[in-house]
1. Out of segment 123-148, which residues are surrounded by 15 or more Cβ atoms within 10 Å (Cβ to Cβ) and either closer than 24 Å to G12 by Cβ or touching a Cys at 6+ places or on another chain (Cβ under 9 Å) (or both)?
2. Looking only at segment 143-162, decide whether some residue is under 20 Å from I93 (Cα atoms) and touching a strand residue (DSSP E or B) at 6+ places or on another chain (Cβ under 6 Å).
3. Among the numbered conditions (1) under 18 Å from G181 (Cα atoms); (2) among the β-branched types (V, I, T); (3) buried (at least 22 other Cβ atoms within 10 Å of the Cβ), tell me where T118 comes up short.
4. If a residue has to be out of contact with any Ser or Thr (no Cβ under 8 Å at 6 or more places or on another chain) and closer than 14 Å to R80 by Cα to count, how many in segment 103-119 make the cut?
5. Quickly run through segment 85-105 and pick out the residues that are touching a residue at least 12 places away in the same chain (Cβ under 8 Å), in a helix (DSSP H, G or I) and of a type in the set (D, E, K, R).
6. Would you mention how many residues in segment 188-205 are assigned to a helix (DSSP H, G or I) and touching a residue at least 24 places away in the same chain (Cβ under 8 Å)?
7. Of the numbered conditions (1) farther than 16 Å from L119 by Cα; (2) of a type outside the set (S, T, Y); (3) at pLDDT 95 or above, K157 fails exactly one; give the number of that condition.
8. Can you find, within segment 144-187, the residue that is nearest to the chain's Cα centre (by Cα) among those that are hydroxyl-bearing (S, T, Y) and part of a helix (DSSP H, G or I)?
Amino acid sequence: MLITLSGLDGAGKSTLIEWLRDALETNGHHVTVLHMNHDVGVYAYLRRLRDRLMRSSGRPQPRRLRTGRDRLRRAIIWGRTLRWCIYPVDLLIFALYRTYVEKLRKRVLVMDRYFYDTLVDLSRGSERGNRLLEALTPVPDVAALVDVPPETAALRKAEYSLAYLSERWPFYQSVFSRVPGGVRIPNSEPTLARRMLWRVVAARMPGPLGRRNRWLAGTGS
């Protein structure tokens, strides 16, 4: 089973995922949690390599070099064209992860962010060409948008400006309007958000454990 949580920085995805992991494991499921930006894909591997090289050097880069690197990253590495080209490669890498976790290890795979978040990144400025990438993207068993307005997210995670979050939010609405079976989890009240997420997961969980979860969640008998 594949469960993905997407949304603005500060929406509360990581907190919900930790709770969901505990709830699933309590009910007999083995769970693997991966972060889209840190664990899966070309950029995740480049980050690991960068961090390893910086640790091995034992000292930070001079400010002048950091500034030059950041400009290069924004202009080229994070450019829309390159990211659009890397997207299919990341899909292939993710398919290998999913086969290993779900098929071989028989575990529930929970993703902190997913390709839908990447599509939001690629939508800024232009959504041209994104429909093809959407069509190639595997639809999760549960695709949840953690629904928190930009004002709330900005208060929770002050490192991102309200203007930045407000710019991204309409693209989340647009992308998720086309996700088959996508659900919105309002996260203003954590208890209600957890309850809603659990009901959705329990309703879509296959097999005997899924039937037990549906009974516990009050969605089945």
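The values are calculated or read from the model by the stated rules, or taken from the named source; none is laboratory data. Remember, it's a predicted structure, so these values are computed and weren't measured experimentally. Note that we place each Cβ from the backbone using ideal geometry, even for glycine, and neighbour counts take in every protein chain shown.
1. Correct list: S123, T137, P140, D141, V142, A143, A144, L145, V146, D147, V148.
2. Yes, some residue in segment 143-162 is under 20 Å from I93 (Cα atoms) and touching a strand residue (DSSP E or B) at 6+ places or on another chain (Cβ under 6 Å).
3. It is condition (1) that T118 fails.
4. Qualifying residue count for the region: 1.
5. Scanning segment 85-105 gives D90, R98, E102.
6. Qualifying residue count, segment 188-205: 8.
7. (3)
8. This residue is Y172.
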